[in-house]
1. With label points built 7 Å along Cα→Cβ from the Cα atoms of ARG115 and GLU202, find their separation and express it in nm.
2. Using 20 Å as the Cα-Cα cut-off, could you pick out the over-long pairs in LYS58/LYS132; LYS94/LYS293; LYS58/LYS90; LYS56/LYS293; LYS94/LYS134; LYS91/LYS293?
3. Could you give the distance between the Cα centres of the range 311-357 and the range 118-152, to the whole Å?
4. In whole Å, what is the distance between the alpha-carbon centres of the range 249-302 and the range 155-201?
5. Just tell me which lysines come within less than 20 Å, Cα to Cα, of LYS15; anything on the same chain fewer than 8 places away is out.
6. What percent do you get for the relative contact order of the range 207-297 when only Cα pairs under 8 Å and 6+ apart count?
7. Which residue, ASN267, ASN317, ASN296, tops the fluctuation ranking in a GNM of the chain built on C-alpha contacts under 10 Å?
8. Grab the beta carbon distance between MET297 and PHE190, set R0 = 35 Å, and tell me the FRET efficiency rounded to 0.05.
Amino acid sequence: MKFETNTIRSGYDRKKCLVHARCCFAPDIAVATAQYLNVAGSDLFDGLLMSISHDKGKSWSEFSVQEGLRPVVEDGVTTVGCDATPMFHKKTEKILLLGQTASYGEGDMHPVSGRRQSFYSVYDKEKNTFSKMKFIKMPTGYEVCGNGSGQSVELANGDLLIPVYYCVPGKRNMYSAVMRCTFDGTDVEFREIGNSLTVEIERGAYEPSLAYHHGVYYMTLRSDECGLVAKSEDGLHYTDMHLWTWDDGELLQNYNTQQHWMTVGENLYLVYTRRGAGNDHVFRHRAPLFTAKVENMHLVRGTEVALTPERGARCGNFGVTAYGEGKAAVMVAEWMQPAGCEKYGSDNTIFLTIAEE
């Protein structure tokens, strides 16, 4: 595999930084979304912004405010869409933004628990804007449920497999599952949901992402202590969940950080962060972003490469998407917390990496 990493934008005022930078590529346009984080708080997000490219990601517009994705204030609670991932829906030829919500009480410096929902928004190419946030109506038992930082899969008929994680009353650990939804170009509607996966540790298994490769569906999951992987024949029901390991059986030292899938040529890769890379000064070892080839639900150690530089800031919140035939794109913003990470050279740069065989 070969790859090239370029800088999309940079600059940091020590008050706020762009985070959750992710993109997707349609035949005639590319769309990226991101949002500002107040570095004085914990996960204190503003509304989602959008940037576009007409030259396959070589240059991008300035990130612009999206009126339909501004924070909503109701009864003293502010709700904002976050952890969002755009995707190109082939059946309708629409760009669909999927994510979840965070809510804050007046004066809160971190989100209120127990108020998560899955939201979606559709890009209007004529108006060059995203629509107002809508919410996926979930069945009983999934009231606190979100599609946060997940990769979804479009089926041949246009239906979507959307990974979510949710809370169960009285339980501290979270559960992950995959729901099948329809999308007609305007509305996303829930149809069914598969089995649940968790681990009996603090916060459980969450932030799942999906891939479909050579007739098998794969799910990668975050947990506080380790990364996890599972597989499925139908995309809804997952089995054989185990820790991510190298092909020699040694544990991949990824923890408390999401991972995502990347398909390059005929090969499936995992993109992740880990300990043991001279990165003890980085929050949760969340930089650089590494990738390695996946074989038999394990990583081939000899294929590992670092896709992005390590400059002190964490890069664990990122996105991966298809980039034309047989290529993939990885977008990530340097998250400027904790204070002082900039002394290693980080400045809230957004990196875009294009990978091919």
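Rule-based calculations on the coordinates, nothing more; no lab input. In this text, all values refer to a predicted model and were calculated from it rather than measured experimentally. Quick reminder, even Gly has a Cβ in these numbers, built from the backbone with ideal geometry, and neighbours come from all protein chains shown.
1. 2.4
2. Values: LYS58/LYS132 28 Å; LYS94/LYS293 30 Å; LYS58/LYS90 23 Å; LYS56/LYS293 25 Å; LYS94/LYS134 16 Å; LYS91/LYS293 29 Å.
Listed pairs above 20 Å: LYS58/LYS132; LYS94/LYS293; LYS58/LYS90; LYS56/LYS293; LYS91/LYS293.
3. So the two Cα centres are separated by 24 Å.
4. 24
5. Of all the lysines, those that pass the test against LYS15 - Cα under 20 Å, at least 8 places apart if same chain - are LYS343.
6. 22
7. Among ASN267, ASN317, ASN296, the largest mean-square fluctuation in the Gaussian network model of the chain belongs to ASN296.
8. 0.75
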